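Chemist: One structure follows; several queries about it will come next.
Any read-out appearing in this document is the output of simple, stated calculations on the displayed coordinates, not a laboratory observation. Predicted model only: the values in this text are computed from it and were never measured. Neighbour counts run over all protein chains shown; Cβ positions are idealised from the backbone, glycine included.
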């Protein structure tokens, strides 16, 4: 097994290459099974955190940050004025 293959199996949270979803190891199935799942909606991310599919501070933080970024990417603002520089 190469180093890359090893890390593909053990990295618990990562962004898919096309940035369309978060790829996580379903922690509820450990230690017997390593199953990767993709979450891409706020509901799926919330469920993964609530059901402890993403477990541990780093995994929960990464999943939550991705959820915030996902929601923020959907914000459209028709009226935005840049703050004026301070003198």
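Chemist: Sort 10-22, 45-57 by packing, meaning the average of other beta carbons within 10 Å per residue, with the highest value first.
Modeler: 45-57, 10-22
Chemist: Against the longest alpha carbon principal axis of the chain, how many degrees, from 0 to 90 and to the nearest 10, is the axis of helix 57-73 turned?
Modeler: 40 degrees
Chemist: Shifting gears a bit: From the convex hull of the Cα coordinates of the range 7-57, what is the mean projected area in square nanometres?
Modeler: Its average projected convex-hull area is 3.5 nm².
Chemist: Further, regarding this structure: Given Cα pairs under 8 Å that are at least 6 residues apart, what percent is the relative contact order of the chain?
Modeler: Dividing the mean separation by the residue count of the chain yields 22 percent.
Chemist: Which value in nm describes the separation of the simple spin-label points at residue 79 and residue 1, placed 7 Å from the Cα toward the beta carbon?
Modeler: Those two pseudo-labels are separated by 5.7 nm.
Chemist: Also, I was wondering about something else. Distances over 18 Å make up what percent of all Cα-Cα pairs in the chain?
Modeler: Distances greater than 18 Å cover 51 percent of the Cα pairs.
Chemist: For labels at residue 46 and residue 14 in the simple 7 Å Cα→Cβ model, what's the distance in nm?
Modeler: 2.9 nm
Chemist: Right, another one. With each run of n ≥ 4 DSSP H residues scored as -39500 (n - 2.57), what mean residue ellipticity at 222 nm is computed for the chain after dividing by its residue count and rounding to the nearest 500 deg cm²/dmol?
Modeler: Result for the chain, helices only: -12000 deg cm²/dmol.
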